[in-house]
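A.B. asks: Sharing a structure here in structure tokens format.
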Amino acid sequence: MTAQLLTNLTTKTNLAKLPRHVAVIMDGNGRWAKQRGLPRIEGHRRGAKTLKEMLRYCKKLGIETLTAYAFSTENWGRPQGEVNFLMTLFERLLQKELKEMEQEEVNLNFIGDLTPLPQSLQQEMRRSTERTKNNRGVFFNVAINYGSRHEMINACRAIAKKVQCGELAAEAISEDTIAQHLYTSASSDPDLLIRTSGEMRLSNFMLWQLAYTEIYVTDTLWPDFDGKQFDRALESFQQRDRRFGKV
Ligand code: IPE
Ligand code: IPE
Ligand code: MG
């Protein structure tokens, strides 16, 4: 099945219809662990492997950008032990995977307010973005302490300051002005959003950028989301008629 779909996808016509930018809300790690009688953190550990495989698959198919929601501004409300585990996991992953990401030509970026994160994690983030900034194999954005509303507040403040000091006229504010002040200013808007674990909501993710994104929700829990599942999402995307408000 996977091989067959992959063959379909790698024909010229289908490759032309691939999304340029895929965003993913990686949800269901806790439920995956619970189903197996494991602690929630085990689900996060497995989820990290899934993300690594998905990134590799995106590169193989020629998808330009993958954006993954790893930690929301609301996730600080989880038990302290789980939050601490996630922060340590992010840091360890960066240390462990940087070399391979460099070899694979991954251009790594973080979106979100990074300032409240542990100093040692911020240092790893700076190091990894610096080391991968010239890579063009695949663009990989990881959303950590990301919240769309927070992102918009920041954008409003920055734009307001420009207006206040006379650098920008209020009438000149356009969609582009706003897009340029978001964390995602360097990326195109996502073409496809995948959410795992069946929840039909955005949970404060990329509210501006997802205006015309095709949405795919699967009941599969994130640690179980494999290449076969991704093929299904891509197939579904290829069958959509993207009208952008036209006829
Ligand atoms: C997603 O899985 C990972 C993060 C939000 C960090 P969850 O931890 O939300 O898993 P569920 O939704 O509780 O199953
Ligand atoms: C969304 O998942 C955030 C991430 C995947 C990082 P949540 O599990 O936090 O979302 P809700 O609480 O179900 O809306
Ligand atoms: Mg969840």
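A.B. asks: Please compute the contact order of segment 95-247 in relative form: average sequence separation of alpha-carbon pairs under 8 Å and at least six residues apart, divided by the residue count, as a percent.
C.D. replies: With pairs under 8 Å counted, the relative contact order is 19 percent.
A.B. asks: While we're looking at this one, here's another question. Using only the alpha-carbon atoms of segment 78-188 as identical scatterers, what base-10 log of I(q)/I(0) does the Debye formula give at q = 0.13, 0.17, 0.21, 0.23 Å⁻¹?
C.D. replies: Each listed q maps to, in turn, -0.62, -0.91, -1.12, -1.22.
A.B. asks: Using the alpha carbon gyration tensor of segment 10-99, what are the three equivalent-ellipsoid semi-axes (square root of 5 times each eigenvalue), largest first, in whole Å?
C.D. replies: Gyration-tensor ellipsoid for segment 10-99: 29, 14, 13 Å.
A.B. asks: State the extension gain, in nm to one decimal, for the chain segment bounded by Ile153 and Arg31, taking 0.36 nm per residue of separation less the distance between their alpha-carbons.
C.D. replies: Once the chain is fully extended between Ile153 and Arg31, it gains 40.7 nm.
A.B. asks: While we're here: Quick check: pseudo-label points 7 Å beyond the Cα along Cα→Cβ at Asn134 and Glu171, how many nm apart are they?
C.D. replies: 4.6 nm
A.B. asks: Round to a whole angstrom and tell me the spacing of the C-alpha centers of segment 30-45 and segment 186-215.
C.D. replies: Taking the Cα centre of segment 186-215 as reference, the centre of segment 30-45 is 25 Å away.
A.B. asks: Divide by every residue of the chain the summed helix terms, -39500 (n - 2.57) for each DSSP H run of at least 4, and state the resulting mean residue ellipticity at 222 nm, rounded to the nearest 500 deg cm²/dmol. Intermediate results must be reported in sequence, preceding the final value.
C.D. replies: Working: 9 runs with 115 residues, N = 247.
Computed ellipticity for the chain at 222 nm equals -14500 deg cm²/dmol.
A.B. asks: Translational diffusion coefficient of the chain at 20 °C, 1.002 mPa s, Stokes-Einstein with Kirkwood Rh over Cα pairs, in µm²/s as a whole number.
C.D. replies: Estimated diffusion coefficient is 112 µm²/s.
A.B. asks: Given the pairs Lys49/Lys133; Lys60/Lys96; Lys17/Lys49; Lys59/Lys99; Lys133/Lys162; Lys96/Lys228, which are separated by over 19 angstrom at their Cα positions? Could you put the intermediate results ahead of the total?
C.D. replies: On the way: Lys49/Lys133 23 Å; Lys60/Lys96 21 Å; Lys17/Lys49 27 Å; Lys59/Lys99 16 Å; Lys133/Lys162 28 Å; Lys96/Lys228 26 Å.
Lys49/Lys133; Lys60/Lys96; Lys17/Lys49; Lys133/Lys162; Lys96/Lys228, as the Cα separations exceed 19 Å there.
A.B. asks: So, by mean Cβ neighbours within 10 angstrom, what's the order for 116-122, 179-185 with the highest one leading? If you can, show how the numbers build up before the last one.
C.D. replies: Working: 116-122: 13.6, 179-185: 17.7.
Ranking, from highest mean packing down: 179-185, 116-122.
A.B. asks: Let me see the pair-distance distribution of segment 80-119: every alpha carbon pair, 10 Å bin width, integer percents in order.
C.D. replies: The distribution over segment 80-119 is 23, 50, 24, 3, given as percents.
All of the numbers you see were taken from the coordinates with simple rules; none came from a lab. On a predicted model such as this, the values are computed, not experimentally measured, just so you know. Positions of Cβ are backbone-derived with ideal geometry, glycine not excepted, and every protein chain shown enters the neighbour counts.
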